[in-house]
Amino acid sequence: MQHTTWPIPSAVDVPDISPDWNAPFISGLTSIGSFILAGALILTLIMLIIAFVGVVTKGGGSERYQSWAGEWILKILAVGAGLGAVNAIFAFAVGFDFGF
């Protein structure tokens, strides 16, 4: 059995490839994503403020509201931290665009 080696080309001319990410719909998707992420984070912060008020004001309000605040405050904090991380990744990768 004879082993054949193929010649290796000494120089290959490969042109630089640079993709074009400027599709017409990307700016619209970025704007929609910015509004959705910002709205979700604002809604989470409002829920967190309401839960903090329920935990802090033990003397006022109904007992059901206070128990809801005590049960959900850690879940709201976790969701807020997750949304904050997603917002940071989105801002780093794409950048927020609210169209202003």
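The values are calculated or read from the model by the stated rules, or taken from the named source; none is laboratory data. The shown structure was predicted, so the numbers you read here are calculated from the model rather than taken from an experiment. Here the Cβ positions follow ideal geometry from the backbone for every residue, glycine too, while neighbour counts run over all protein chains shown. The protein model used for the area step is the full one, side chains on, heavy atoms only, and it has no ligands, DNA or RNA in it. Shrake-Rupley method; radii C 1.70, N 1.55, O 1.52, S 1.80 Å.
Observations, loosely collected:
- In degrees, nearest ten, helix 26-56 long axis to first principal axis of the chain (Cα): 30
- Label corresponding to log10 I(q)/I(0) by the Debye sum over Cα atoms at q = 0.11, 0.20 Å⁻¹ when calculated from the structure given, among (i) -0.58, -1.00; (ii) -0.32, -1.01; (iii) -0.42, -1.01: (i)
- Close amide-amide hydrogen proximity is noted between D97 and S34, each under 5 Å apart and 5 or more residues distant or on a separate chain (H modeled in the peptide plane; Pro and chain starts excluded).
- Candidate residues F52, F25, F92: accessible-area rank, largest first, probe 1.4 Å: F92, F25, F52
- Cα-based helix-to-principal-axis angle, 63-93 vs the chain, degrees rounded to 10: 20
- To put it simply, the accessible area of region 10-62 at a 1.4 Å probe is 74 percent carbon and sulfur.
- Rounded to the nearest 0.05, the FRET efficiency derived from the C-beta distance between A93 and H3 at R0 = 41 Å is 0.25.
- Distance in nm between pseudo-label sites at I36 and L48 (7 Å out along the Cβ direction from Cα): 2.2
- Probing with 1.4 Å while keeping every protein chain in the model, the per residue accessible area of region 10-100 equals 77 Å².
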